[in-house]
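Scroll down for the structure; my scribbles are underneath it.
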Amino acid sequence: MDKDLYYVAVKVFLEDGKGNLFIFKDKFGDWDIPGGRLREADFETPLKAVAERKLREELGKATRYRLGEPKVFMRHERDEILPDDKRGKRRIFAVGYQAEYLGGDIVLDNNHTESKWVRLSEFRPEEYFTGGWLEGVREYLRLT
């Protein structure tokens, strides 16, 4: 059997301690949670440190939080523009950390256009997410 190629990502389920989860929309119109793929230079960097860097990049330096432990593991497939300018599939394996928002202004980076806090008890993830991200969010909701 052929081996598959995956990118690796860290994602963060940021809760506010009041029963709400932070989600945001990227510049392509897809809803997401903070985090993203590892860079080549991240190979020896602890995954928690990568998650912290991603939170700073995407939510700003003033955002305070307490990063917890991994809660879920996700596999997602998405269309992207490949190096040869053709569209193709990318597969991503992600570790989903739980985090508690402690305060500070959230300032979205240029890759995100909109954000909201959704009530966990009423949240319908299928209205926002698809594919492996949807399955990961559903699993997270089952575990919390």
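Laboratory data are not the source of any read-out in this text; all were calculated from the coordinates shown. Predicted model only: the values in this text are computed from it and were never measured. Using ideal geometry, Cβ is built from the backbone for each residue, glycine included, and neighbour counts are taken over all protein chains shown.
Okay, here's what the table says:
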| item | result |
| --- | --- |
| Degrees between helix 47-59 axis and first principal axis of the chain (Cα, 0 to 90, nearest 10) | 70 degrees |
| Sequence of SER121, SER115 once ranked by neighbouring C-beta atoms within 10 Å, starting from the fewest | SER121, SER115 |
| Nearby aspartates and glutamates by direct alpha-carbon distance to LYS48 (threshold 18 angstrom, same-chain neighbours under 8 apart not counted) | GLU15, GLU40, GLU57, GLU58, GLU69, GLU100 |
| Cα gyration tensor, the stretch 7-143 - rounded (a/c under 1.5), prolate or oblate | rounded |
| Partner lysines for LYS54 [C-alpha distance under 28 Å; skip if fewer than 8 residues away on the same chain] | LYS11, LYS18, LYS25, LYS27, LYS71, LYS86, LYS89, LYS116 |
| Positive minus negative residues near GLY88 (Lys, Arg vs Asp, Glu; Cβ under 12 Å) | +1 |
| DSSP-assigned coil residues among chymotrypsin sites (Phe, Trp or Tyr not before Pro) in the stretch 35-144, each with at most 11 further Cβ atoms within 10 Å | PHE43 |
| Highest-MSF residue in the chain out of LYS86, LYS11, LYS27 [GNM, Cα springs under 10 Å] | LYS86 |
| Rounded to whole Hz, the Karplus (6.51, -1.76, 1.60) HN-Hα couplings of the stretch 69-75, x for glycine and proline | 9, x, 10, 9, 10, 10, 10 |
| Cβ-based exposure ranking for LYS3, LYS54, LYS116, in which fewest neighbours within 10 Å come first | LYS3, LYS116, LYS54 |
| With at most 16 other Cβ atoms within 10 Å, longest stretch of the chain clear of loop GluC sites (Glu not before Pro) (DSSP) | 45-121 |
